[in-house]
Amino acid sequence: MALRDANIARMGDGLFDVLIVGAGINGAVSAAALAGRGASVALIDRGDFAGFTSQESSNLVWGGFKYLENYELPLVFDLCRSRNRLMRAYPDNVREIGFLAALDETAPYRPWFAALGATGYWMIGLFGTKRPRLYDAAEIKDQEPAIDTTNVRGGIEYHDAYLIDNDSRFVFSFVRSAVEAGASVANYVELLDAERRDGRWIARLRDVDSGEEFTTSARTIVNAAGPFVDGLNQAWHNTTEHRIVYSKGIHLVVPRLTTNRHDRVLAFFDDTERLFYVIPMGRRSVIGTTDTRVDTPFTHVTDDDRNFLLDQINARLDLERPLTVDDVIAERSGVRPLVVQRGSGEQRDVDWTSLSRKHEIERDDDQAIVTVFGGKLTDCLNVGEEVCEEIEHLGVPLERDLHNWYGEPAKATRKEFYRQARLMKLDRLRTKPETEPLSDRLWRRYGRRAFDLLEMIRADPTMGEDIMGSADYLRAELYNAAEHEMIVRLDDFMRRRSKIDLVVHDEAIVSSPGLREVAEILFGADADRRLDEYLAAR
């Protein structure tokens, strides 16, 4: 954890232009944008990077097709443009994917009407994806034999995008960008209190892992605490026009349900006429999401949640046998922080079903606070740019935006990596069926750092071995993660820097002879404590 320790040391008694509280997608992208434009930035989170709401998404990058129901055309237009922009900036991480929607007798829309909506969506999205198509029931069955078309009237296929790796790893890419631009960032650092004195914020912080307390100061604060923004503003006596309400969503990860002919999302209306999806995740499928009003950001998957989704998918897929709870490999549960105007009633009175995932940004000039409300991963680049505008209004000078704080490395760099990988026959190290080439995976995950992995494998061929069998992670990747990815707890690696916890059964993880080596590489002499801590939480 040398990198994390160095960052905390720089924070202690330091003076920054901006202190960002919360390292989910909003905080991470704000740090990358501000540091990339020359601001001195400190980014903290009381948990891990992307360790709360941002690790529970659908891994989809989409323009909000369902928001057309409420005629939110400007929002859909903005989200589609953001989706197109992310696909251009991250071609190896954010890829176009088809959504095959099967419409049965209980669906609220007939296929022809849904096709009109899909065509409008394609046009609003500036033709940034493949054109939509209308199918009859027989064509739906031909496109995806897993769908039970007994009661299906027809359907449509439209296109959006998705993250090939998990959401939290994508968030961490912005954290790394911030670090490379000079930001001081640290996970498991809690804000105890903050006070405005003599034109600056004095913040008292605590290292959650060690218990050590220290102070730092900043000219401005960005409140990017996701579902916790209201609590922070209240503590700072910061009155805002907006507030947050919560909608809970869950996902179940199960063995692959669809054919391997296409990587596509299946879309259905459930019995309450709400959309839910079957989303590909390599050799797994992700079923979700639900939409339930809750009064707290702390949620879990209940028996009712689980049974509801299993019942819905069993009724709509033609499976050899119905899915049961024994088929569930992993579960995800999180809240969507939805934005409403203050004065719109108590949280329980809000019509949350009509709320979209828009974001709002407010600035308090007197206290030099910028608050980010709501939002979603698709809109992250806009959030980063808008936060920069607000920070400039607070008197922090920024360099011109060259748009170099986001995106994958240049094509020439990518070409050179693949040339070197080809010369050393990297892809021949893998013989597993239905897995992507190693060169693709390493480049996507690490970008320029993938060259370091090649060098490690050249020097020691054992670095090219899978360390946990079905987890598909090389020994070299573990050493790289230990040095560069600020992993404090084993769960940080297993759940967020990788998606091992999402795609491998608990029994296989616990019984894997490689698990101890993972802990030893990541934590050295502290491996036993971290491993025991991880196993006790399972």
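Listing for the model above:
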item	result
ASP263 assigned by TED's automatic domain parsing to the domain that holds ASP142, among the acidic types (Asp, Glu) and in contact (Cβ under 8 Å) with a residue 12 or more places away in the chain	yes
Of the criteria (1) under 25 Å from the mean Cα position of the chain (by Cα); (2) under 26 Å from ASP5 (Cβ atoms); (3) polar (S, T, N, Q), which one SER217 fails	(1)
So LEU377, is it out of contact with any Phe, Trp or Tyr (no Cβ under 6 Å at 6 or more places or on another chain), modelled with pLDDT of 90 or more and assigned by TED's automatic domain parsing to the domain that holds GLU96	no
Single residue of ASP198, ASP167 found to be charged (D, E, K, R) and touching a Ser or Thr at 6+ places or on another chain (Cβ under 8 Å)	ASP167
All positions within region 1-38 that are polar (S, T, N, Q) and crowded, with 24+ Cβ neighbours inside 10 Å	ASN26, SER30
Candidate set: region 171-209, residues that are closer than 23 Å to ALA368 by Cβ and acidic (Asp, Glu); chosen: the one surrounded by the fewest Cβ atoms within 10 Å (Cβ to Cβ)	ASP198
Total residues in region 281-307, condition in contact (Cβ under 8 Å) with a residue 40 or more places away in the chain and either under 22 Å from the mean Cα position of the chain (by Cα) or part of a helix (DSSP H, G or I) (or both)	18
Residue within region 222-230 that is over 22 Å from SER356 (Cα atoms), touching a residue at least 24 places away in the same chain (Cβ under 8 Å) and not assigned by TED's automatic domain parsing to the domain that holds ASP440 present	yes
Tabulated pairs, region 440-452, first closer than 13 Å to SER173 by Cα, second modelled with pLDDT under 95, C-beta under 8 angstrom, 6+ apart or interchain	ARG444/ILE164; ARG444/ASP165; ARG445/ASP165
Among residues of region 166-185, those that are under 9 Å from the mean Cα position of the chain (by Cα) and of a type in the set (D, E, K, R), counted	2
Among (1) over 24 Å from LEU522 (Cα atoms); (2) out of contact with any Leu (no Cβ under 6 Å at 6 or more places or on another chain); (3) of a type outside the set (Phe, Trp, Tyr); (4) crowded, with 16+ Cβ neighbours inside 10 Å, the one test that THR378 misses	(2)
Test: residue in region 450-460 that is within 18 Å of PRO409 (Cα to Cα), within 22 Å of the chain's Cα centre (by Cα) and surrounded by fewer than 21 Cβ atoms within 10 Å (Cβ to Cβ)	no
Residue in region 83-94 that is nearest to LEU275 (Cα to Cα), counting only those that are out of contact with any strand residue (DSSP E or B) (no Cβ under 6 Å at 6 or more places or on another chain) and either of a type outside the set (S, T, N, Q) or assigned by TED's automatic domain parsing to the domain that holds GLU386 (or both)	ARG85
Members of region 512-538 that are over 18 Å from SER498 (Cα atoms) and either in contact with a strand residue (DSSP E or B) (Cβ under 8 Å, 6 or more places away or on another chain) or surrounded by 17 or more Cβ atoms within 10 Å (Cβ to Cβ) (or both)	ALA527
Count of region 410-430 residues which are surrounded by 11 or more Cβ atoms within 10 Å (Cβ to Cβ) and either of a type in the set (S, T, N, Q) or part of a loop (DSSP other than H, G, I, E, B) (or both)	4
Neighbours by Cβ (under 6 Å, 6+ apart or cross-chain): first from region 357-369, at positive phi and touching a residue at least 40 places away in the same chain (Cβ under 8 Å); second in a loop (DSSP other than H, G, I, E, B) and not β-branched (Val, Ile, Thr)	ALA368/LEU394
Residues (of a type outside the set (A, V, I, L, M, F, W, C), under 30 Å from LEU266 (Cα atoms) and over 12 Å from the mean Cα position of the chain (by Cα)) located in region 16-69	GLY63, GLY64, LYS66, TYR67, GLU69
The listed residue being farther than 30 Å from ALA107 by Cα and surrounded by fewer than 18 Cβ atoms within 10 Å (Cβ to Cβ), out of THR220, THR259, THR216, THR239	THR239
Residue match in region 113-123 (condition: more than 22 Å from TYR406 (Cβ to Cβ) and touching a helix residue (DSSP H, G or I) at 6+ places or on another chain (Cβ under 6 Å))	yes
Members of region 13-45 that are of a type in the set (A, V, I, L, M) and assigned to a loop (DSSP other than H, G, I, E, B)	ALA23, ALA39
So ASP472, is it surrounded by 15 or more Cβ atoms within 10 Å (Cβ to Cβ), at pLDDT below 95 and not assigned by TED's automatic domain parsing to the domain that holds VAL185	yes
In region 48-77, residue farthest from LEU116 (Cα to Cα) [restricted to those that are among the charged types (D, E, K, R) and surrounded by 19 or more Cβ atoms within 10 Å (Cβ to Cβ)]	ASP48
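Each row is one residue, and each column tells you yes or no for (1) assigned by TED's automatic domain parsing to the domain that holds LEU252; (2) assigned to a loop (DSSP other than H, G, I, E, B).
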| site | (1), (2) |
| --- | --- |
| GLY47 | no, yes |
| GLU69 | yes, no |
| PHE77 | yes, no |
| ARG81 | yes, no |
| ALA102 | yes, no |
| PRO108 | yes, yes |
| ALA114 | yes, no |
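The values are calculated or read from the model by the stated rules, or taken from the named source; none is laboratory data. This is a predicted model, so every value here is computed, not measured. Neighbour counts run over all protein chains shown; Cβ positions are idealised from the backbone, glycine included.
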